[in-house]
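All of the numbers you see were taken from the coordinates with simple rules; none came from a lab. Everything quoted here is computed from the prediction, not taken from an experiment. We place every Cβ from the backbone using ideal geometry, glycine too, and count neighbours over all the protein chains shown.
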Amino acid sequence: MTALSPLSQAIFDAPRWHQSEQLQNDHDIEIRPIQGALGAEVWGLDTGKAQSGATIFRLKQALAEHLILIFKGQTLDDAQYLAFASYFGAIFRPSADNPVLATQQDTGIPPDVIPVSNAVGQGDYTGHGELAAHADHQWTPQPSFGSLLYAIELPQDGGQTSWYNTIKAYDALDEATKAHIDGLQLITYNPFVRANSNTGQNGYGNTPLYRFKDQPTVGYGYAHPLVRTHPETGRKALWLNERSEVELVNYDDQAGSQLIATLRAHLLKPEFRYEHNWQQGDIVFWDNQVTLHSRKPFPSEQRRLLKRISLAGARPF
Ligand SMILES: O=C(O)CCC(=O)C(=O)O
Ligand SMILES: [Fe+2]
């Protein structure tokens, strides 16, 4: 027999239902909404166990309602982490023409479990600096629906991750603005294409915030709705990040760049944000379709290691 892929092996080895001590009891799980813009903590759940249909359905509903779920006190290896994440969908594997964080030279895709660390040569894709608010893989044809980050090693200072509720941000706009932006499409250019070209460096670098029509494009851009609809709840959300080079389709340059700047300032308001102070063993599972996330910097000499799994999503609508 041929060797199994890591994902197949993970599910092959996963705990089975008849191992009753390995089956999560749904009644032990408590979901506690966070007072504020978004998020809920999940207590009493061991993500390393086999999960019942009732549990996964409850978690999916909670995710759709709260947009981020925080699982406390987890201890998993990569295979167990993959097996848990796979209950919620397929692993995000973009084609090689859409480079993303951690895309590998040889395969053209990122690994299933991506180390996000500042240790040189061990997944130091994002270093220790600030990360502007973004939705993972927004610049691809089919951005991921959700991602999970699992905290393994944390710095003493800084490194908090914040999530922004882009449904609330959309809802808070005045009716005239909503009516104006509802039918617009936005291209978000891939910062990893720019990083690989000679025109810029390390991700955003000095990338422009808006592309004017007389400026060259870097790589392909995919037009998605500026206001997207959540596939399960039907709620509308702003689909725009803080820092990528973007362009409104069929729109005046000056007016477009001003509109985008105004919407960006609006999105980042504290009333739409939850800041997470990581504890070792936390797994945060978020909906990329209707949230953004950003990270505060931390001292370069302090080690930080999280592991990310991203799940495949649909073309935004
Ligand atoms: O390091 C962090 O807190 C966030 C990193 C990030 O944006 C990601 O893994 O998608
Ligand atoms: Fe991210």
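Side notes on the structure shown:
- Gain upon complete extension [GLU130, SER300; 0.36 nm per residue less C-alpha separation]: 60.0 nm
- Fluctuation leader among VAL284, VAL249, VAL120 - the chain, Gaussian network, Cα springs under 10 angstrom: VAL120
- Extension gain from VAL120 to ASP252, taking 0.36 nm per residue of separation minus the Cα-Cα distance: 43.2 nm
- For GLN160 and ASP78, the FRET efficiency from 1/(1 + (r/R0)^6), where r spans their Cβ atoms and R0 equals 22 Å, is about 0.35.
- Pairwise FRET efficiency - GLU271 versus PHE12, Cβ, R0 = 41 Å, nearest 0.05: 0.35
- Between SER117, SER144, SER52, the GNM of the chain built on Cα springs shorter than 10 angstrom shows SER52 fluctuating the most.
- The Cα center of region 1-74 and the Cα center of region 136-166 differ in position by 18 Å.
- Proximity of backbone amide H atoms, modeled 1.01 Å from N, is registered between ASN288 and GLY146, SER147 at under 5 Å, excluding neighbours fewer than 5 places apart on the same chain.
- Taking the C-alpha atoms of the chain, convex hull volume expressed per residue in Å³: 140
- Cα pair distances exceeding 27 angstrom across region 41-162, given as percent: 22
- Pairs from the list LYS168/LYS269; LYS60/LYS269; LYS49/LYS72; LYS60/LYS168 with a Cα-Cα gap above 22 Å: LYS60/LYS269.
- The angle separating the long axis of helix 253-267 from the principal Cα axis of greatest extent in the chain is about 40 degrees.
- Annotation: amide H-H contacts under 5 Å for ASN98 (H modelled 1.01 Å from N, sequence separation of 5 or more, or interchain): none.
- Rounded to 0.05, the FRET efficiency of the ALA172 and LEU4 pair, given R0 = 41 Å and the Cβ-Cβ distance, is 0.30.
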